[in-house]
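Read-outs throughout are calculated quantities, based only on the coordinates presented, and are distinct from any laboratory measurement. Just so it is clear, the model here is predicted, and its values are computed rather than measured. Here the Cβ positions follow ideal geometry from the backbone for every residue, glycine too, while neighbour counts run over all protein chains shown.
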Amino acid sequence: MKEMNQDSSTIAWNAMGDEWFELAQTGESRNCFIMPNMLNFIGNVKDKKILDLGCGEGGYSRELAKRGAQLVSVDCSTKAIEYAVSLANKENLQIEHFVRNSNNLFDIESEQFDIVLCSMMLMDCEDFEGTLREVVRVLKPNGRLFASVLHPCFDGNHESGIGRQGVGIDRQVVVMNYFEPKEWEAPLWKGTIPVIWRHRTMEEYIKTFCKVGLTIVDLNEPKASEEQARISDAMAWLKKIPLYLYWELKK
Ligand SMILES: C[S@@+](CC[C@H](N)C(=O)[O-])C[C@H]1O[C@@H](n2cnc3c(N)ncnc32)[C@H](O)[C@@H]1O
């Protein structure tokens, strides 16, 4: 059987085991902000064929399947895929799952997807350009890539890159070095197991999109609504600083 090719991102995320699942399912920023925004940007998915690349525990895939899309879900973490399969089965959802490095989607046919979704994973994979080349390969002509990342202007390594000062909604972003470090190891928020974080500059994102032949259709830096801001100070801060950046790109 053909094995997934390993690199630093696949090794780190496999070592994470199941810690991510609970963080994902309980994290307020993911569930009350990042995910609802993405689902809103993607819009009507009825009868669309979607690849959820870096699907994690599969929450986006299940929601999109319930909205009438046909889903293929891919992650480099074997545990994440086993868990996603078990939840899809529990809800009787027909979702196809693969363990793959995003830079080599072998056995996944070219030009078959209307949409590829990369939610909060393009800053995690080691091979960004290789990943985008695979996205372009599997998208139909005119197909769309919807991607969200930590906003590279406002988040990064907090010690020496893009840090924080102060507390609550008066907290400030302090840019010590926009260009470095490009990668470092640290646990996820509220996590314990280190994973590799990557900082890609805005220039690197945009130039690589252009290099592989993707065109930007839309870019969003969503602000928290009044209702979201009432949840916590962290959410209220999102009325002032866009910590998450979203693109819609066209093949
Ligand atoms: C921050 S999590 C996001 C998970 C999910 N998309 C979400 O938003 O809930 C990043 C995911 O990308 C996966 N990932 C990281 N590098 C990858 C790679 N090279 N190939 C495939 N998946 C990768 C990780 O295993 C993890 O599940």
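Looking at the stretch 165-176, can you tell me whether even one residue there is within 21 Å of Leu39 (Cβ to Cβ) and among the acidic types (Asp, Glu)? Before the answer, list the steps.
Start the filter on the stretch 165-176 by keeping residues that are within 21 Å of Leu39 (Cβ to Cβ), which leaves none.
For the stretch 165-176, residues within 21 Å of Leu39 (Cβ to Cβ) and among the acidic types (Asp, Glu): absent.
Could you please find all residues in the stretch 28-59 being surrounded by fewer than 20 Cβ atoms within 10 Å (Cβ to Cβ), among the small types (Gly, Ala, Ser) and near the ligand (Cβ under 8 Å from one of its atoms)?
The answer is Gly59, and nothing else.
Given Leu87, Leu64, which one is in contact (Cβ under 8 Å) with a residue 40 or more places away in the chain, in a helix (DSSP H, G or I) and among the hydrophobic types (A, V, I, L, M, F, W, C)?
Residue meeting the stated conditions: Leu64.
Residues that are in a helix (DSSP H, G or I), surrounded by 13 or more Cβ atoms within 10 Å (Cβ to Cβ) and of a type in the set (Val, Ile, Thr): does the stretch 112-129 have at least one?
No, the conditions are met nowhere in the stretch 112-129.
Any residue in the stretch 232-251 that is closer than 24 Å to Asp114 by Cα sitting within a Cβ distance under 7 Å of a residue that is surrounded by fewer than 17 Cβ atoms within 10 Å (Cβ to Cβ) and β-branched (Val, Ile, Thr)? List the pairs, counting only those 6 or more apart or interchain.
So the pair list comes out as Trp247/Ile216; Glu248/Val217; Leu249/Thr215; Leu249/Ile216; Leu249/Val217; Lys250/Thr215; Lys250/Val217.
Can you give me the number of residues within the stretch 60-82 that are over 20 Å from Leu245 (Cβ atoms), surrounded by 15 or more Cβ atoms within 10 Å (Cβ to Cβ) and within 10 Å of the ligand (Cβ to nearest atom)?
Within the stretch 60-82, residues that are over 20 Å from Leu245 (Cβ atoms), surrounded by 15 or more Cβ atoms within 10 Å (Cβ to Cβ) and within 10 Å of the ligand (Cβ to nearest atom) number 9.
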